[in-house]
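Following: one structure in structure tokens, then a few remarks.
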Amino acid sequence: MNANKVLDAKGLACPMPVVRARKVMKEMETGEVLEILATDKGSVADLAAWSKSGGHDLLEQKEEGGIFTFRIQKG
Amino acid sequence: MIVQPMTVSTITKKVVNKEPFFILDVRNEDAFADWKIEGENIQYLNIPYFDLLDGVEEILGRLPVDQDIVVVCAKEGSSIMVAEMIAEEGRAVHYLQGGMKAWSEHLEPVKIGDLRNGGELYQFVRIGKGCLSYMIISDGEAVILDATRMTDVFLDFADKLNVKITHSIDTHLHADHISGGRKIAEATGGTYWLPPKDAGEVTFAYEALEEGRDIRVGNTKIEIQPLYSPGHTIGSTSFIVDDTYLLSGDILFIESIGRPDLAGLAEDWVGDLRESLYKRYKELSEELIVLPAHFMIVDELNVDGSVSEKLGTLFAENRGLNIEDETEFREMVTGNLPPQPNAYQQIRETNMGKVTPDEESQREMEIGPNRCAVR
């Protein structure tokens, strides 16, 4: 599934990746997919937990060269 | 209302003095369940910051009005945000400066006592993680045992007391935290000691820590006598200092004993652990004051914030020293082990010199409690 939107949160520290992701997600439709790029290690568990808490679906999570990529489907 | 930072040093004092206060921990629930600031009179509320982004009105009623409130997160960013939201509602509130990262790294030096021929013994309490390091000083020299990776704290302390660090010792190859022992020896030109049986895979030179090789500090004959006491690891070594103190490493704690499985050999080492605790330690004077390399729960802190107890008292009260039946002992130390410390294999490899993670990675690897004991 292709991402409908991409959020570049690289270089941002906690809590900003989650704050930004939430804001973007609010403007999206249910079923749409948001891709988030982040570099803050501390935000990894938080993005996953936020996604679960918000009723979204974490489709994919990976790390490549210090960049974490999340694909989250709006629930 | 203005948001005020609260330092880890202030929190440490509150914990030691058993003061009541309130923690609003805004990390996610797994992180909170795994590891938090512990204290006898702390009340907690755990709500992840991402569940508070719409406002904090709903939780205001759950925050006390007669106690300090400290908002806590991993590195402080989220706690400042939440604390500001609470302050906007007119409530006085603090955040933990530096977050759990700072809590994990804070060391509080406590003087344990004077030595007989002049000299002093200090314990460095890593309150957030439960690690204990030691500095023995005499005649302008210092020996450090089980130093953590926050080496500046030890170097600055030695500078302040105007002593030169001549030896740096690890009682065993640590699995719960990254040792600062080698780095301190390199910085001071001192000697780094490690038990050879734990050092089979290390990539650097070290001095072999073995029974019979006494280490002196200063000229006043403060003797540091190694005592081979395997069981937590195969090389684990204890020390008798000045005929008064027993530095027990990770073999014996105040309310628990060392676990034998962190190098992967619980079944093999349980016999060694029993031999060390029930035979070798039994032959020592009950008057010795035990100084372990860890504590697990804040109950183990004395009123001055130190961690110590007479060996005789531990033989009377520590359950791990009072299991007559060998099979039952074996069952206790191998059958019901707590989860292993976070990233313990990577930590062991770092302490062997096989890998050299950057500081941020080292910090992440050390997240959480030490988990070196079985009760």
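With n ≥ 4 as the cut-off for DSSP H runs, can you work out [θ] at 222 nm for chain B, using -39500 (n - 2.57) per run divided by the number of residues, rounded to the nearest 500? Spell out each step's value before the answer.
Working: 12 runs with 98 residues, N = 375.
Using -39500 (n - 2.57) per qualifying helix, the result is -7000 deg cm²/dmol.
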For this session: Kindly state, as a whole number, the per residue volume in cubic angstrom of the convex hull around the alpha carbon atoms of region B:224-375.
Result: 125 Å³
Exercise. Rounded to a whole number of µm²/s, how large is the Stokes-Einstein D of region B:161-229 at 10 °C and 1.306 mPa s, given Rh as the Kirkwood radius over C-alpha pairs?
Worked result: 123 µm²/s
Seminar exercise, completed: chain B: antiparallel bridges as % of DSSP beta bridges, rounded to 5, reads 55 percent
Exercise. Sorted from largest down, what three extents in whole angstroms do the Cα atoms of region B:106-216 have along their principal axes?
Worked result: 36, 33, 23
For this session: Check the straight Cα-Cα distances from B:Lys197 and name the aspartates and glutamates below 16 Å, setting aside those fewer than 8 residues away within the same chain.
Result: B:Asp170, B:Glu207, B:Glu210, B:Glu211, B:Asp250, B:Asp261, B:Asp268, B:Asp272, B:Glu349
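Greater than 21 Å separation of Cα atoms is the criterion. Which listed pairs, B:Lys183/B:Lys354; A:Lys62/B:Lys129; A:Lys41/A:Lys62; A:Lys23/A:Lys74, meet it?
On the way: B:Lys183/B:Lys354 15 Å; A:Lys62/B:Lys129 29 Å; A:Lys41/A:Lys62 12 Å; A:Lys23/A:Lys74 12 Å.
Long pairs (Cα-Cα over 21 Å): A:Lys62/B:Lys129.
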Seminar exercise, completed: Taking every C-alpha to C-alpha distance in region B:1-47 and binning by 5 Å from 0, the per-bin percentages run 5, 19, 26, 25, 19, 6, 1
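Grab the alpha carbons of region B:208-260, take their convex hull, and tell me the volume per residue in Å³.
Details: hull volume 3.8 nm³, N = 53.
That works out to 71 Å³ per residue.
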Exercise. When N counts the residues of region B:314-368, how does its alpha-carbon radius of gyration compare numerically with 2.2 N^0.38 Å, as a ratio?
Worked result: 1.68
Problem set entry | Rounded to the nearest 20 debye, dipole of the protein assembly as shown from Cβ charges on Lys, Arg, Asp, Glu | 660 debye
Exercise. Whose amide H sits under 5 Å from the amide H of B:Val71, counting only residues 5 or more places off or on another chain, with H placed in the peptide plane?
Worked result: B:Leu24, B:His94, B:Tyr95, B:Leu96
Exercise. Hey, any idea what the orientation-averaged projected area of the convex hull of chain B's Cα atoms comes to, in nm²?
Worked result: 18.7 nm²
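Could you size up the charge dipole of region B:238-375 around its Cα centre, putting +1 on the beta carbon of Lys and Arg and -1 on that of Asp and Glu, and report it in debye to the nearest 20?
On the way: 13 positive and 28 negative charges, 42 e Å.
Magnitude of the dipole: close to 200 debye.
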Exercise. Based on the Kirkwood radius over alpha-carbon pairs, what value in µm²/s does the Stokes-Einstein equation return for the translational diffusion coefficient of chain A at 10 °C and 1.306 mPa s?
Worked result: 134 µm²/s
Exercise. Taking Cα centroids, how far is region B:125-157 from region B:224-286 in Å?
Worked result: 21 Å
Exercise. Which value does Rg/Rh take for the protein assembly as shown over its C-alpha atoms, Rh per Kirkwood?
Worked result: 1.01
Problem set entry | Projected area, mean over directions - region B:3-102, Cα convex hull, nm² | 5.6 nm²
For this session: Compute the acute angle (0 to 90°) between the alpha-carbon long axis of helix A:42-53 and the principal axis of greatest extent of the alpha-carbon atoms of chain A; round to the nearest 10°.
Result: 20 degrees
Exercise. Within straight cross-link reach of B:Lys310, meaning Cα distance under 18 Å, which lysines are found once same-chain residues fewer than 8 apart are removed?
Worked result: B:Lys111, B:Lys279, B:Lys282
Seminar exercise, completed: With the dipole of region B:126-265 defined by +1 on each Lys or Arg Cβ and -1 on each Asp or Glu Cβ, the option from B:Ala187, B:Ile254, B:Phe204 whose Cα lies farthest towards the positive pole is B:Ala187
Exercise. Where does helix B:77-88 land angle-wise versus the long Cα axis of chain B, in degrees 0 to 90, nearest 10?
Worked result: 40 degrees
Seminar exercise, completed: Here the FRET efficiency for B:Ser9 versus B:Asp30, based on Cβ atoms and R0 = 22 Å and rounded to 0.05, is 0.20
Problem set entry | With Cα atoms, 0 to 90° folded angle of helix B:151-160 axis to chain B main axis | 80 degrees
Exercise. How many lysine pairs does region B:3-102 hold where the Cα atoms are under 20 Å apart and the two sit 8 or more places apart or on different chains?
Worked result: 8
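Under a point-charge model restricted to the Cβ atoms of Lys and Arg (+1) and Asp and Glu (-1), what is the dipole moment magnitude of chain B relative to its Cα centre, in debye to the nearest 20?
Numbers: 35 positive and 65 negative charges, 131 e Å.
Taking the Cα centre of chain B as origin, the dipole is about 620 debye.
Here, each number is a calculation from the coordinates, and none is a lab measurement. Here the structure is a predicted model, which means the values were calculated and not measured. When we count neighbours, we look across all protein chains shown, and the Cβ atoms used for this are built from the backbone with ideal geometry, even at glycine.
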